[in-house]
1. How are the alpha carbon pair distances in region 1-65 distributed across 10 Å bins from zero to the largest one, expressed in percent?
2. Which of ASP177, ASP123, ASP187 moves the most in a Gaussian network model of the chain with Cα springs under 10 Å?
3. What relative contact order, as a whole-number percentage, does region 100-173 give when Cα pairs under 8 Å and 6 or more residues apart are counted?
4. Apply the Kirkwood formula to region 102-152: the hydrodynamic radius equals the inverse of the mean of 1/r over all pairs of different alpha-carbon atoms; give it in Å with one decimal.
5. Report the residue, chosen from ASN27, ASN42, ASN120, that carries the largest GNM mean-square fluctuation when the chain is represented by alpha-carbon nodes joined by springs under 10 Å.
6. Run the reach check for LYS145 against lysines, Cα to Cα strictly under 16 Å, same-chain hits fewer than 8 apart removed. What comes back?
7. Could you give each residue of region 76-91 its phi-based ³J(HN,Hα) in whole Hz, using Karplus coefficients 6.51, -1.76, 1.60 with θ = phi - 60°, and x for Gly or Pro?
8. Out of residues 5 or more away from GLU8 or on other chains, whose amide H comes under 5 Å of its own, with H placed 1.01 Å from N in the peptide plane?
Amino acid sequence: MSHQITIEPLTIESFQPYGDVIQLEGNKNVVLANQGTAKRVNYVAKLENLREASGPALQTARPNMCIFSSAPRPTVGGRFEVKLLERHPYSSQVFMPIFQHGVQNSNPDEPCYLVIVAENGPDDRPDLSTIRAFAASSTQGINYKANSWHSPMVTIGQRVNFVVLVWENGVALQDCDEAPISPVSVDLSPLFKSLSEPKL
């Protein structure tokens, strides 16, 4: 039988052990800009490239800003099953949702993707006793800390496009380390009220 957890709301405070939530609301670093016509949030995320600090044995990496267009994952009975986690040992990774062409009548404050994370265990693998799942909306971006275990991107109910920023050097295990895990079942029902078949 798979391990069971329940989805939680994504907040700046709840996500701090794993990285940063990128959002305007609730942020304490808001200042006015552009002659008072804009709000600016300074240092909204801690961007990390740890290769330089790790010594000459690692190849230099460069920032890769790319776009992910993530198709919705299937759910069964209001649940999503996690079978794999990954981490980027030497780089933070930003996901920021961008305009969804063709998505109509969607409420930007309703959750549309999952953020599934776990702490590192004493065996240098994910500690499944610490696994958590958060529901994020299209008004929220995330920044995973370097070496933070997380699920590959999971969108629910619709395709979601993201701008992504990560430092990479093309060396597989330095860029991304994957760990198959015993299945973990995430109950989405408390926050995803209208689960339907995914639209590709």
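1. 15, 28, 27, 23, 6, 1
2. Evaluated over the chain, the most mobile residue of the options is ASP123.
3. Worked out over region 100-173, it gives 37 percent.
4. Roughly 12.6 Å, rounded to one decimal.
5. Of the options given, ASN42 has the highest mean-square fluctuation.
6. Once the sequence-local lysines are set aside, what remains near LYS145 is LYS46.
7. Using θ = phi - 60°, the values come out as 10, x, x, 10, 10, 9, 9, 10, 8, 10, 9, 8, 10, x, 10, 9 Hz.
8. It is ALA133, PHE134, ALA135, by chain and number.
The values are calculated or read from the model by the stated rules, or taken from the named source; none is laboratory data. What you see is a predicted model, and the numbers here were worked out from it, not measured in a lab. Backbone-built Cβ (ideal geometry, glycine too); neighbour counts: all protein chains shown. Please note that ligands, DNA and RNA were not included when accessible areas were found on the heavy atoms of the full protein model with its side chains. Shrake-Rupley method; radii C 1.70, N 1.55, O 1.52, S 1.80 Å.
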